[in-house]
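Bear in mind these aren't lab numbers, they're just calculated from the coordinates by the rules spelled out. Everything numeric in this text was worked out from a predicted model, so none of it was measured. Glycine also receives a Cβ, built like all others from the backbone with ideal geometry; neighbour counts cover every protein chain displayed.
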Amino acid sequence: MRRTAVLLTSGSLFGLAIPSFLLVAWLLGSASGVVGAAILPPPGQVVATLLAMADSGELVQALVATVSRLAIGFLLGALAGTVLGALCGASALARRLLDPSIQALRSVPSLAWVPLFILWLGIFESSKICLIAVGVFFPVYLNLLGGIAGVDRKLLEVGTVHGLSRAQALLRIQLPAALPSYVTGLRSGLGLGWMFVSAAELLGASSGLGFVLDDGEQTGRPERILAAILLFGLCGKLSDVALAAVGGRLVAWQDTVRR
Amino acid sequence: MAIALQVAGLRKSYADMPVLGPIDVGLAAGSISVVIGRSGCGKTTLLRCLGGLETPDAGSVTAGGAALRRESVGYVFQEPRLMPWLSVARNVGFGLAAWDPERRDRAVAAALDRIGLPDAGQALPKQLSGGMAQRVALARGLAPEPDLLLLDEPFSALDPFTRAQMQEHLLHLHRAYGTTIVLITHDMDEALVLADRILVMRGGHGVPGHIAADLAPALARPRRPADPLLSNWRASLAGLLSES
């Protein structure tokens, strides 16, 4: 009995238990009429909407638009977060100069930048990408900075006795040691990237999954909203799994407990 | 090439509190000097000053009349302090980045061979036992073939059996490289088994660390803690340490 329970709970499929339960509840709720189709369309209708979108080419077009915005915004935000995080982590002078301002900017809600970005960069792609980059920047910056600042002093002393310069110590000790924290920052940044790409597209876009959401609301078609939500969830999860897999390989040297 | 070390008037204080010095001592080229003393007497501070990890307030450390060059010093810490993201081989070659890759590979292979881990090069530090990790740290300290090797209680965290093995390894490596060695310990048997010279330090509780006794145990090698002659020396050493 106990062995069966362990087998059931140890597999990777165990994580599908809650989504499966919710799906069954959704199916039963829709079939019994407890929940009206205008509020929560049945799963079959959402699947049919997805198939129709795929058939018309709208699905691919929306995915390409959203993913390309996210990819560019993520790369720009991650790059800026990496450069400034490494700079402030390595140099006390740079940290004293830059970090207070960056922390002050962090306390501004990211969506508050939207009007300014639209004013400066227009309603089209640049303002959306900029918003996504802002969302990605902070977790990457903070995690890398924290990772570098938290490097064991004892490892740095090994660099000192081997005559490493500050730049060499950064490259050979601090950055590799900060890698686990950096990977966490990238994953958090990617999660926020998905959040901000949907916000940016909801605020004004003619393509993308956020546009499908908005269109579903404007035209009173909840099945389109649910289809877009499912796609956001699926894409977000897949991208996180891919990043976690790459990151996991990079930090495989960690001596951590895995259960 | 082993070097003779001359320490003159070395002093160190933290927050205006003198913790070390003055230290005046000369160490012969190729010798093994063991610094022994109670916790807090300034042993580690002395070694950190010799290794360039602390800047002394006053005094000098010279080799053959010239300032000690950092590249001629190897340092082994109390803990292995291996870079967890590097393989064993790359940890051993950590201080050899400027070397020609072929020469570096040869030096790493030779160092791994000497510590008895010739096949562990591709392993990660997390795969090593405590004793193996400390041997790798020793190999890292020795791979650049330093003229002076400083060891800060390198075997203190090991069990007695592994510790005895490591002492054997160190003597074997000393014979192979001929390096001048300064080792810190608070284990009397370790001091007596290894040392050509034992420097007994006293200090702490407001008294700056200083060398209170300088002994040269006239004992044949190899030495075993159970040797009767060692017992006499142990008794003398215990007497000196209890006065600390």
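Mind running the shape call on chain A? Use the C-alpha gyration tensor, a ≥ b ≥ c as the square roots of the eigenvalues: rounded below 1.5 for a/c, prolate if a/b tops b/c, oblate otherwise.
Here chain A falls in the oblate category.
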| In debye to the nearest 20, how big a dipole does region A:91-160 give about its Cα centre with +1 on each Lys and Arg Cβ and -1 on each Asp and Glu Cβ? | 120
| query | In straight Cα distance, which aspartates and glutamates are under 19 Å from B:Lys12, not counting same-chain residues fewer than 8 positions off? | reply | A:Glu157, B:Asp24, B:Glu54, B:Asp57, B:Asp152
| What is the helix-to-structure angle for B:160-177, meaning the angle in degrees between its Cα long axis and the longest Cα principal axis of chain B, kept from 0 to 90 and rounded to the nearest 10? | 80
| said: For a quick check: with amide H placed at 1.01 Å from N, whose amide H comes under 5 Å from B:Leu68's, ignoring anything fewer than 5 positions away on the same chain? | reply: B:Val61, B:Ala63
| query | Taking a 28 Å limit on the Cα-Cα distance, which of the listed pairs B:Lys43/B:Lys126; A:Lys154/B:Lys43; A:Lys237/B:Lys126; A:Lys128/A:Lys237 fall beyond it? | reply | B:Lys43/B:Lys126; A:Lys237/B:Lys126
| task | Rank A:Val67, A:Val35, A:Val83 by mean-square fluctuation in a GNM of chain A with C-alpha springs under 10 angstrom and give only the top-ranked residue. | result | A:Val35
| How far apart, in nm, are two points set 7 Å out from the Cα along the Cα-to-Cβ line at A:Ser91 and at B:Glu71? | 2.8
| request: Kindly point out which whole DSSP H helices in chain A project their C-alpha atoms 18 angstrom or further along the helix axis while averaging a Kyte-Doolittle hydropathy of 1.6 or above. | output: A:17-32, A:58-90
| Amide H of B:Tyr75: which non-local residues (sequence gap of 5 or more, or other chain) have their own amide H closer than 5 Å, using H built in the peptide plane? | B:Leu150
| message | Please give the Cα centre distance for region B:188-207 versus region A:150-173, rounded to the nearest Å. | response | 30
| Distant-in-sequence amide H partners of B:Ile3 (H built 1.01 Å from N, under 5 Å) | B:Gly30, B:Thr180
| request: On a 0 to 90° scale, report how tilted helix B:130-142 is relative to the longest principal axis of chain B, with both axes built from alpha carbons and the result rounded to the nearest 10. | output: 90
| field | Nearest-0.05 FRET efficiency for B:Ala29 and B:Ala235, computed from C-beta distance (R0 30 Å) | value | 0.45
| said: Once you place label points 7 Å from the Cα toward the Cβ at B:Ser156 and A:Glu125, how far apart are they in nm? | reply: 6.2
| said: How far apart, in nanometres, would the label points at A:Ala242 and B:Gln6 be if each is projected 7 angstrom from Cα along the Cα-to-Cβ direction? | reply: 6.7
